[in-house]
Each structure stands twice: as C-alpha cells, then as structure tokens.
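Novice: First, the structure itself, so that you have it in front of you.
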Amino acid sequence: MCLAVPSERLPLTPVVSYTICHRSPILPDQWVDEEIAVGPHNTGSPLHISRLVPLWHERYTYAHSAAALFGVNRALGSQAPKGGHVRMQQYRKVLSHERLGKPDTYLPSMGVISASESARHAHVGLSLATGCDFLVPRPVRFQHSVLEHYARNHRVLDFIDFARVALECGVLSGQQVSMMMLERVYFAGVLELGIYPVEFFQRALTQIETVADEFAMKHAARLTSYDAEQSRALAWCVERMGSFLVLEELRERYGRDVPEGTFGWIVCVAPEGDAYVPGSGD
C-alpha cells in the first residue's frame, strides 16, 4: 500500500458517532456523542449492551470490546444514514489527523496526552479528509505476518480456530483465510477507532459477529479459563479479522494508491500524571 497526495479535511455529514465506554469517558466533552456502555458502566442506558445485545453482555467477561462493537451494530440498525459514516472511539482514545502527545513505546502511531492537555486540543477536527471514505489507524507492518505476531504474543490456537470457523461458516474463503493469516499489514484498533462508511461497517461487523458467535459457542470453556493476560483472545481475533476486511476494502477501492488522508494517529488520554497502561476494556 502506498500513499497518494495529502488531503484536506471534510466535515462529517451525515454521521453517527459512538464512544465505547466501560467507565466514564475522559475525552474532552466535544469529542463524545452517544456512549455504548458495557460492563458496570451506565447500566440503565438504552445503549448498554445488556439491552442491545443481551447474549454478548453475558459473554462480556471474555468478549470485552468485541461485545461493544456488536452492540454498536445493533444501535445503528436501520436508522443509519444512507451513504453516511460512523465515527468510532473509546472512552480514552480517538483517531485524529494530527499527531498529539508522547509516542507510545509499544505502538508508536499512538500518542499519550494528559486530560488537561487533551482539553487544549478539543478543537482538533475528527473528520474525513477530502476524497476519503475512511479514517483508519495508521498501519503497522509486521516483519513476518499477522499469524507469526499473534503466535509470539498470544495463544495461536485461538486465532487458528477463529480462522477455521470463518471458513466453516462460509464468511471467508480458503484464500481469504490464508491472506488474513499471512498478511503483514495490520490496523491496531480498527473498527473501534476511526470513521467508516456505514454500509461497509455494518456488513463487516455482521460477518465478524457470525464468526465470533460460532467461535464463542465452540470454545467458551477455553476462553473463560484464561487468566487476565490472555482473557481478550476473542477480541484480539475480532480485531485481526476486522483489520483484514478493512485492508481488503481499501485495496479493492484504491489499489495501491490509498489516499494519505485515510490514515490517522491514535490519541490516548491518560489521567493526570499517569502513563498509558493497556486495559481490558480498550
């Protein structure tokens, strides 16, 4: 994938915006619209996943952010703006065209800023660029493959079984499964952060949920037995399939000339004086 000419920003219209929250957001108020609530946060909300997707609410202890994504898909429903876009963010993370904060040591495309500093940047536009239909996290390029990276950091059997289910369900072809596992380009935080055409977003999440539901039914005992470090296995697999579907869509639309404005920087807001520590909710 190569980048084309820089692009100017476009206003977001029509757009639906959701923030995934397992606790109160620490983003500037200007960046937060509708909250998709999970876990113990805001349980009385009509946008809590216990109301949107009761089954995934029951699975939240091991589905984590994947459950929230499936809740977003239900919240969009038939009310999604035709030809419009959905903007996604987490309680402490957004995607911006501007690079803000101190680069994270684990993910250099993410900058970490304090809550007070983020308030000074509340004017930053979280919008599409001219000629772009997507705003996605800047790609990570692995030395070997998505599969090799997963095997080094997690329990690779989960990703293999997830891919097998995608094939068995007919959601991905054998060729697509091979491409997903051997791909070197990866979008960390994809679908949970960024801006996507509503039609693509709903189609991708419907495909992913089909696979995730079957995977959860087959392997719930294994998934619930993991310790805290590995408890996000299902969410990690969902993220990798999402990354593949976004990459496939971008290549189909643009070939190798993906507009530069398609890629944004992750901004993570940390409480005052705290460093970024990866959590189970994002």
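Novice: Tell me which residues, restricted to segment 125-144, are part of a loop (DSSP other than H, G, I, E, B), open to solvent by 60 Å² or more (accessible area, probe 1.4 Å) and over 28 Å from Pro28 (Cα atoms).
Specialist: Answer for segment 125-144, where residues must be part of a loop (DSSP other than H, G, I, E, B), open to solvent by 60 Å² or more (accessible area, probe 1.4 Å) and over 28 Å from Pro28 (Cα atoms): Gln143, His144.
Novice: Which one of His144, His121 is over 19 Å from the mean Cα position of the chain (by Cα), within 11 Å of Val269 (Cβ to Cβ) and not aromatic (Phe, Trp, Tyr)?
Specialist: Only one candidate qualifies: His121.
Novice: From (1) part of a strand (DSSP E or B); (2) at pLDDT 95 or above, pick out the condition that doesn't hold for Cys268.
Specialist: (2)
Novice: Which of the residues belonging to segment 145-175 are open to solvent by 50 Å² or more (accessible area, probe 1.4 Å) and assigned to a loop (DSSP other than H, G, I, E, B)?
Specialist: Matches in segment 145-175: Arg155, Cys169, Gly170, Ser173.
Novice: Also: So, in segment 61-89, how many residues would count as being touching a strand residue (DSSP E or B) at 6+ places or on another chain (Cβ under 6 Å) and open to solvent by 10 Å² or more (accessible area, probe 1.4 Å)?
Specialist: Residues in segment 61-89 being touching a strand residue (DSSP E or B) at 6+ places or on another chain (Cβ under 6 Å) and open to solvent by 10 Å² or more (accessible area, probe 1.4 Å): 2 in total.
Novice: OK, next. Considering only segment 188-206, how many residues are part of a loop (DSSP other than H, G, I, E, B) and at pLDDT 95 or above? Spell out the reasoning first.
Specialist: Within segment 188-206, the subset part of a loop (DSSP other than H, G, I, E, B) is 188-189, 191-192.
Going one step further and asking which of them are at pLDDT 95 or above, we end up with 191-192.
Result for segment 188-206: 2.
Novice: Just to be sure I understand, how many residues within segment 48-87 are out of contact with any Phe, Trp or Tyr (no Cβ under 6 Å at 6 or more places or on another chain), of a type outside the set (Gly, Ala, Ser) and farther than 24 Å from Glu214 by Cα?
Specialist: 5
Novice: Tell me, which residue of segment 207-252 that is in a helix (DSSP H, G or I) and of a type in the set (S, T, N, Q) is least open to solvent (accessible area, probe 1.4 Å)?
Specialist: So the first thing to find is which residues in segment 207-252 are in a helix (DSSP H, G or I), and the list is 207-225, 228-230, 233-252.
Filter once more, so that each one left must be of a type in the set (S, T, N, Q): 207, 210, 224-225, 230, 243.
Working: Gln207: 59, Thr210: 65, Thr224: 85, Ser225: 82, Gln230: 21, Ser243: 3 Å².
This residue is Ser243.
Novice: Is there any pair with a first residue in segment 208-229 that is touching a residue at least 60 places away in the same chain (Cβ under 8 Å) and a second that is aromatic (Phe, Trp, Tyr) and in a helix (DSSP H, G or I) whose Cβ atoms are under 7 Å apart and which are 6 or more apart or on different chains, and what are they?
Specialist: Glu209/Phe70; Leu223/Tyr62; Thr224/Tyr62
Let's see how each residue does on (1) modelled with pLDDT of 95 or more; (2) touching a Ser or Thr at 6+ places or on another chain (Cβ under 8 Å):
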position: Gln30; (1), (2): no, no
position: Ile36; (1), (2): yes, yes
position: Gly39; (1), (2): no, no
position: Ile49; (1), (2): yes, no
position: Pro54; (1), (2): yes, no
position: Glu58; (1), (2): yes, no
position: Gly71; (1), (2): yes, no
position: Gly83; (1), (2): no, no
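Novice: Starting from residues that are of a type outside the set (A, V, I, L, M) and under 22 Å from Ala221 (Cβ atoms), keep the ones in segment 40-60 and report whichever is surrounded by the fewest Cβ atoms within 10 Å (Cβ to Cβ). Steps first, please.
Specialist: Narrowing segment 40-60 to residues of a type outside the set (A, V, I, L, M): 40-46, 48, 50-51, 54, 56-60.
So of that shortlist, the ones also under 22 Å from Ala221 (Cβ atoms) come out as 54, 56-60.
Values: Pro54: 10, Trp56: 23, His57: 20, Glu58: 13, Arg59: 23, Tyr60: 20.
Here the residue is Pro54.
The values are calculated or read from the model by the stated rules, or taken from the named source; none is laboratory data. For clarity, every value in this text was computed on a predicted model and none was experimentally measured. Virtual Cβ from ideal backbone geometry, glycine too; neighbours counted across all protein chains shown. Keep in mind that these areas ignore ligands, DNA and RNA; they rest on the heavy atoms of the full protein, side chains included. Shrake-Rupley method; radii C 1.70, N 1.55, O 1.52, S 1.80 Å.
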